[in-house]
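Let me begin by presenting the structure, written as structure tokens, before commenting on it.
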Amino acid sequence: MGCMDGKTGLVVGVANDRSYAWFIAQSIIREGGTCLFTHLPGEKMERRVRKAIDSLGIQDPWLRPMDASTDESMDELFDQLSSEHERLDYLVHSIAFADREWLKEGNFTPTPREVFKQAMDISAWTYAGMAHRASPMMADGGGMVSMSYYGAEKAVPGYNVMGVAKAALEATTRYLAMELGEKNIRVNSISGGPIRTMSSMAVGGFSQILDWVEQKSPLRRNVTGDDVGDTAAWLCSPRASGITGQTIYVDCGYSSMGL
Ligand SMILES: NC(=O)c1ccc[n+]([C@@H]2O[C@H](COP(=O)([O-])OP(=O)(O)OC[C@H]3O[C@@H](n4cnc5c(N)ncnc54)[C@H](O)[C@@H]3O)[C@@H](O)[C@H]2O)c1
């Protein structure tokens, strides 16, 4: 029996079959769960996400557009969700955005106000925005998980404004956990190691980060999508029933090193 048997939830953030959200969905499905998906609006986006979901072996997936940068789009998505599904058991938030121009080494100090606000909005606030809309559907409790990175706590060259947004995401996790705990909804984040995805390739010097982690982490390797996917599925499942408000490292131990 899988730890997600009979569980249905929303997975936000599949762009292609290298996305962290794709690996998380794969693990949830392997553990017996059902995944519902979103894509950024537009035919091209839909086609790309549908292709990735097809490769998970899902027949006739539930897939709807959502641009998390507007309340209207989020409301529409959750209205559709609640009219077509009785309840949700979990939520996966695996999205982030910052203008890549400001993800270059040495380019944090002049970050413009609008760039800063947009990074905070899409990468941090949306966890609260989605939790607020999803929680009324989680009458039996459940688990929520989002994706963070070590750059939330330590300055990582090139990660810049995204590090600030991830710090906000981790704090958002704790405040959501505090308020949703009485509904038996657990809210956590994973601080995942670096993997090559569309988003991560926008971070200046990303290949050096991969090399550095491989040399310096206790496990002498980078994480795989499965490492993170399996932890996310477990955190969403009743097997993690006593864990909430946490940021769990899945980083081959890199964050435990002093040097
Ligand atoms: N790849 C890494 O090294 C790494 C490490 C730690 C954490 N993370 C985090 O993992 C999460 C997923 O990123 P990924 O690396 O899988 O990259 P990805 O590019 O595959 O996924 C990012 C997703 O964010 C979505 N997105 C961006 N703006 C959106 C909006 N306005 N509305 C809805 N969706 C939007 C994109 O459509 C995409 O699906 C992000 O939070 C990222 O910061 C990534």
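Normalised by 2.2 N^0.38 Å, where N is the number of residues, the alpha-carbon radius of gyration of the stretch 114-157 equals 1.48. Amide H contacts for H39 (H built 1.01 Å from N in the peptide plane; partners 5 or more residues away or on another chain; cut-off under 5 Å): R64, M66.
Cα extents for the stretch 63-181 along the principal axes, largest to smallest and rounded to whole angstrom: 49, 27, 20. Centre-to-centre separation between the Cα atoms of the stretch 44-120 and those of the stretch 190-259: 20 Å. Two numbers describe the Cα atoms of the stretch 8-253: Rg and Dmax, which are 17.0, 50 Å.
The angle separating the long axis of helix 206-216 from the principal Cα axis of greatest extent in the chain is about 80 degrees. Which angle between 0 and 90 degrees, to the nearest 10, do you get for helix 43-54 versus the longest principal axis of the chain when only C-alpha atoms count? The angle comes out near 80 degrees. Who wins for biggest fluctuation among W234, W125, W62 in a Gaussian network model of the chain, springs between alpha carbons below 10 Å? In the Gaussian network model the winner is W62. Only Cα sites of the stretch 51-133 enter the Debye sum here, all with the same form factor; the resulting log10 I(q)/I(0) across q = 0.21 1/Å is -1.06, listed in q order. Residues whose amide H comes within less than 5 Å of that of S148, counting only those at least five positions distant or on another chain, are I190, S191, G192 (H built at 1.01 Å from N in the peptide plane).
Of K7/K117; K44/K154; K154/K216; K104/K216; K117/K154, which pairs sit farther than 27 Å apart, going by alpha carbon to alpha carbon? Listed pairs above 27 Å: K7/K117; K44/K154.
Shown here is the pair-distance distribution of the stretch 129-177: with all Cα-Cα distances grouped in 5 Å bins from zero up to the longest one, the shares run 5, 19, 25, 18, 13, 10, 7, 3, 0 percent. Using just its DSSP H runs of length 4 or more, each adding -39500 (n - 2.57), the chain gives a mean residue ellipticity at 222 nm of -12000 deg cm²/dmol after division by all residues. Angle of helix 225-236 to the longest C-alpha principal axis of the chain, folded into 0 to 90 degrees and rounded to 10: 50°. Give the relative contact order (percent, whole number) for the chain; include only Cα pairs under 8 Å separated by 6+ residues. Relative contact order comes out at 21 percent.
The H on the amide N of G142, modeled in the peptide plane, is under 5 Å from the matching H of I185, R186, each at least 5 residues off or on a different chain. Annotation: the residues K117, K166, sorted from fewest to most other C-beta atoms within 10 Å of their own C-beta, follow the order K117, K166. Derived value for the stretch 116-220: Kirkwood hydrodynamic radius 14.9 Å. Basis is the mean of 1/r over every pair of different alpha-carbon atoms. Build a GNM of the chain with springs between Cα atoms under 10 Å apart, and of S191, S135, S55 the one that fluctuates most is S55. Residues in the stretch 20-34 carry Karplus couplings, in order, of 4, 4, 5, 5, 5, 4, 4, 5, 4, 5, 4, 8, x, x, 10 Hz; the curve used is 6.51 cos²θ - 1.76 cosθ + 1.60 with θ = phi - 60°, and Gly or Pro positions show x.
No lab work stands behind these numbers, since they all come straight from the coordinates. Keep in mind that this is a model prediction, so the values were computed, not measured. Backbone-built Cβ (ideal geometry, glycine too); neighbour counts: all protein chains shown.
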